[in-house]
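Below is one structure, written out as structure tokens; the observations come after it.
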Amino acid sequence: MYDALRLFHTHVQQTTALLLGIITTVFVVFGFALDRNQENQALSVEVVHLGGAILVLIAPLALLSVSIIGRYYLLYVSSLYFAATISRLAQLPAHPWFDDVPEEPSKKDPWIRSRTFGRGHSLFLYSLMLWLLGASGLISGIFVFLSF
């Protein structure tokens, strides 16, 4: 269970660092390319268009990352359900993490879906953050293409 949660958080951290690094790098290159003291302005415009293309490609990367972290979080929630079931069968003392886990097997699938994809849980919030990064890259890339 902890390994699944660690995978989820590690992937979120690395993806966020990658997306922010790409956006920052592209804008730094824009700063050098748009230096008006350069003699070769055509090359600068090509570099800006290449940066715009890279920014547009951040959106599909964010989509792929949300899909991957969704699977990691689903694995974590399934592990949580399994651990709660084993704990109850072994008659171990109750743990606060297991309080909202249903005991009836018929409620397992709806609970896993609501816990995985419901608002207020880690997947929703991290997915929102990645979607915002992807959308900002897409909007910035389109703006760059239309401006130059």
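Has the range 96-113 got any residue that is within 19 Å of Ser67 (Cβ to Cβ) and not in a loop (DSSP other than H, G, I, E, B)?
Checked against the condition, which is being within 19 Å of Ser67 (Cβ to Cβ) and not in a loop (DSSP other than H, G, I, E, B), the range 96-113 yields at least one hit.
Looking at the range 71-90, which of the residues that are without any contact (Cβ under 8 Å) to a residue 24 or more places away in the chain and assigned to a helix (DSSP H, G or I) is nearest to the chain's Cα centre (by Cα)? Don't jump to the end; show me each part of the working.
Kept after step one, since they are without any contact (Cβ under 8 Å) to a residue 24 or more places away in the chain, are these residues of the range 71-90: 71, 84-90.
From the residues that got through so far, the ones that are assigned to a helix (DSSP H, G or I) too are 71, 84-89.
Details: Arg71: 12, Ala84: 27, Thr85: 30, Ile86: 31, Ser87: 32, Arg88: 33, Leu89: 35 Å.
Filtering first and then ranking leaves Arg71.
Go through the range 109-137 and give me each residue that's more than 19 Å from Ala84 (Cα to Cα) and exposed (fewer than 13 other Cβ atoms within 10 Å of the Cβ). Quick ask: steps written out before the conclusion?
Looking only at the range 109-137, we keep the residues that are more than 19 Å from Ala84 (Cα to Cα), and these are 117-120, 122-137.
Those that are more than 19 Å from Ala84 (Cα to Cα) and exposed (fewer than 13 other Cβ atoms within 10 Å of the Cβ): Gly118, Arg119, Gly120, Leu125, Leu128, Leu132.
Here is a list: Val56, Val26, Val48. Which entry is modelled with pLDDT under 85 and under 21 Å from Ile142 (Cα atoms)? It would help to see each step written out before you state the result.
Values: Val56 fails: modelled with pLDDT under 85; Val26 fails: modelled with pLDDT under 85.
The unique qualifying residue is Val48.
Based on this model, can you work out whether Gly141 counts as in a helix (DSSP H, G or I), surrounded by 11 or more Cβ atoms within 10 Å (Cβ to Cβ), within 15 Å of the chain's Cα centre (by Cα) and not basic (Lys, Arg)? Steps first, please.
Values: in a helix (DSSP H, G or I): yes; surrounded by 11 or more Cβ atoms within 10 Å (Cβ to Cβ): yes; within 15 Å of the chain's Cα centre (by Cα): no; not basic (Lys, Arg): yes.
Spelling it out, it is not the case that Gly141 is in a helix (DSSP H, G or I), surrounded by 11 or more Cβ atoms within 10 Å (Cβ to Cβ), within 15 Å of the chain's Cα centre (by Cα) and not basic (Lys, Arg).
Restricting to the range 1-15, give me the number of residues that are surrounded by fewer than 16 Cβ atoms within 10 Å (Cβ to Cβ), more than 16 Å from Ala83 (Cβ to Cβ) and either in contact with a Pro (Cβ under 8 Å, 6 or more places away or on another chain) or hydroxyl-bearing (Ser, Thr, Tyr) (or both).
1
Between Ser67, Ser106, which is modelled with pLDDT of 90 or more, over 27 Å from the mean Cα position of the chain (by Cα) and surrounded by fewer than 12 Cβ atoms within 10 Å (Cβ to Cβ)?
Working: Ser67 fails: over 27 Å from the mean Cα position of the chain (by Cα).
The conditions single out Ser106.
Only one of Ala62, Ala90 is touching a helix residue (DSSP H, G or I) at 6+ places or on another chain (Cβ under 8 Å) and not basic (Lys, Arg). Can you tell me which?
Going through Ala62, Ala90 in turn, the sole match is Ala62.
Name, by its number, the condition in (1) free of Cβ contacts under 8 Å to residues at least 40 places away in the same chain; (2) in contact with a helix residue (DSSP H, G or I) (Cβ under 8 Å, 6 or more places away or on another chain); (3) farther than 25 Å from Thr16 by Cβ; (4) not aromatic (Phe, Trp, Tyr) that does not hold for Pro105.
For Pro105, the exception is condition (2).
The values are calculated or read from the model by the stated rules, or taken from the named source; none is laboratory data. On a predicted model such as this, the values are computed, not experimentally measured, just so you know. Cβ: placed from backbone, ideal geometry, glycine included. Neighbour counts: every protein chain shown.
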